[in-house]
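FYI, it's all coordinate maths here, none of it is from the lab. These numbers were taken from a predicted model, which means no experiment stands behind them. A quick note on method: Cβ atoms are made from the backbone with ideal geometry, for glycine too, and the neighbour counts reach across all protein chains shown.
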2 protein chains.
Amino acid sequence: MHPRRYHHGDLRAALLERAEQVLREKGPAALSLRELARDLEVSHAAPSRHFKDKQALLDALALAGFERLDTALTTGAAPGSSFADRLGALVRGYVGFATANPQLLDLMYAVKHDPQATEALTAAAQRGLLRAAELVTEGQRTGEVRPGPAERLCLPALAAVHGFAGLAAGGLLPPEEAAAGLDDVVAFVLRGCAPDRTTGT
Amino acid sequence: MHPRRYHHGDLRAALLERAEQVLREKGPAALSLRELARDLEVSHAAPSRHFKDKQALLDALALAGFERLDTALTTGAAPGSSFADRLGALVRGYVGFATANPQLLDLMYAVKHDPQATEALTAAAQRGLLRAAELVTEGQRTGEVRPGPAERLCLPALAAVHGFAGLAAGGLLPPEEAAAGLDDVVAFVLRGCAPDRTTGT
DNA sequence: ACCTGAACACCGTTCAAGT
DNA sequence: ACCTGAACACCGTTCAAGT
């Protein structure tokens, strides 16, 4: 009746894959360890061999999400391109990931009730800040970005991108505003990063 | 044994109040209708008279959160103050609310699986955008903000504030960065809104 | 109108036991 | 090492019945 039993392969990976699918299609409230086990034709206690509890599975899902987000942020920029082009690629990468994986993004940035225990997760979250800092530092080197401590710029810049992505993914923007908004955010961030005109030329 | 039975007062309001307390102290996963009923010394079926299901209670919680956020956004600005001062007040109001109610903020902006059914909620969410638009329009009137369609500016500006508040509330920023970041965000948004220097004076 | 009590189908987690 | 099966304490939701 069933095509095959599953318990030979990589159950951990299969659980994560199926969990992400359920998260995407039915939301986090519909995620149940027992249902995952049923889907994979495994006893309901089997998942506990790979994830000590439900939160551990959610954390693993979020961590995998951060890794995919990082690759989305670091691809798409031509090697020798301008700061504006690199920023545009980063914004498109972030927003593209967010709209393609809205529930996962929610999970990734969910407030942790447990303060520590998730340090790998907060470290992964801060990698986005690191990517923004790299971009800003490079732009400062070429003179396309105002001088000063990089954190003073990359934090507000990333906040704008992160905030826009969150609003767009949450469906809080009218569709046409969401589309046009992306370019507006890029332009806004460019102005925020631009050198002072008075000292220039 | 029990101090008193509860079933006389406003059970709906009592449920919301207790639910928010549990959300704040123990996170959303610990929120259970049955436990709320137990806390309020009421049968476990009583809440269904006031909220058709658990999601309805969460939605009501989120809606109340948006109302409190709106008052936080609209207070704190002196009547005749500058655009910079008004913007600073709005940012402090937003970030103050976010850090004081991190779990509630998460709930308010959680991705809705149900696409409609929550239109009151998305309308409430868009009121923040409306407040930003008012601020921008007023700034354009006084010449402190660059001209053009207000949405082109208020969406990126609010995205920056919203994104920063989310990062700060989620504990993803080192504490000293979170404190200094607020002023950086204000300065960044001011630059993004400022009129072009070339046409000025 | 508002609440109770029982019932149903479902959870997460644990643990002895199997292979 | 990895999984099963039973058990425990807990859910959300529904519904007849009470006042």
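Descriptive notes on the structure:
- Test: residue in segment A:141-148 that is in contact (Cβ under 8 Å) with a residue 40 or more places away in the chain, part of a helix (DSSP H, G or I) and surrounded by fewer than 23 Cβ atoms within 10 Å (Cβ to Cβ): yes
- Single residue of A:D106, A:D59 found to be touching a Ser or Thr at 6+ places or on another chain (Cβ under 7 Å), in contact (Cβ under 8 Å) with a residue 40 or more places away in the chain and either more than 10 Å from every other protein chain (Cβ to nearest Cβ) or buried (at least 20 other Cβ atoms within 10 Å of the Cβ) (or both): A:D59
- Residue-level check: of (1) more than 9 Å from chain A (Cβ to nearest Cβ); (2) under 22 Å from B:L63 (Cα atoms), B:H162 misses just (1).
- Any chance A:R92 is more than 13 Å from A:D70 (Cβ to Cβ) and within 14 Å of chain B (Cβ to nearest Cβ): no
- Test: A:D85 is crowded, with 17+ Cβ neighbours inside 10 Å and either away from DNA strand D (no atom under 16 Å from the Cβ) or outside any helix (DSSP H, G or I) (or both): no
- Residue within segment B:74-83 that is in contact (Cβ under 8 Å) with a residue 24 or more places away in the chain, more than 16 Å from DNA strand C (Cβ to nearest atom) and either within 14 Å of the chain's Cα centre (by Cα) or closer than 23 Å to A:A29 by Cβ (or both) present: yes
- In segment A:124-145, the residue that is nearest to A:V189 (Cα to Cα) out of those that are within 11 Å of chain B (Cβ to nearest Cβ) and touching a Gly at 6+ places or on another chain (Cβ under 9 Å) is A:A125.
- Every condition in (1) touching a Cys at 6+ places or on another chain (Cβ under 9 Å); (2) buried (at least 17 other Cβ atoms within 10 Å of the Cβ) holds for A:L130 except the one numbered (2).
- Checking each residue in segment A:28-56 for being buried (at least 18 other Cβ atoms within 10 Å of the Cβ) and either more than 8 Å from DNA strand C (Cβ to nearest atom) or more than 14 Å from chain B (Cβ to nearest Cβ) (or both) picks out A:P28, A:L36, A:A37, A:L40, A:V42, A:P47, A:F51.
- When restricted to residues that are closer than 23 Å to B:A62 by Cα, at the interface with another protein chain (Cβ under 7 Å from one of its Cβ atoms) and in a helix (DSSP H, G or I), segment A:165-186 contains 3.
- Counting only residues that are basic (K, R) and touching a Leu at 6+ places or on another chain (Cβ under 6 Å), segment B:54-108 holds 2 of them.
- With respect to (1) away from every other protein chain (no Cβ under 14 Å); (2) within 14 Å of DNA strand C (Cβ to nearest atom), the lone exception for B:A64 is condition (2).
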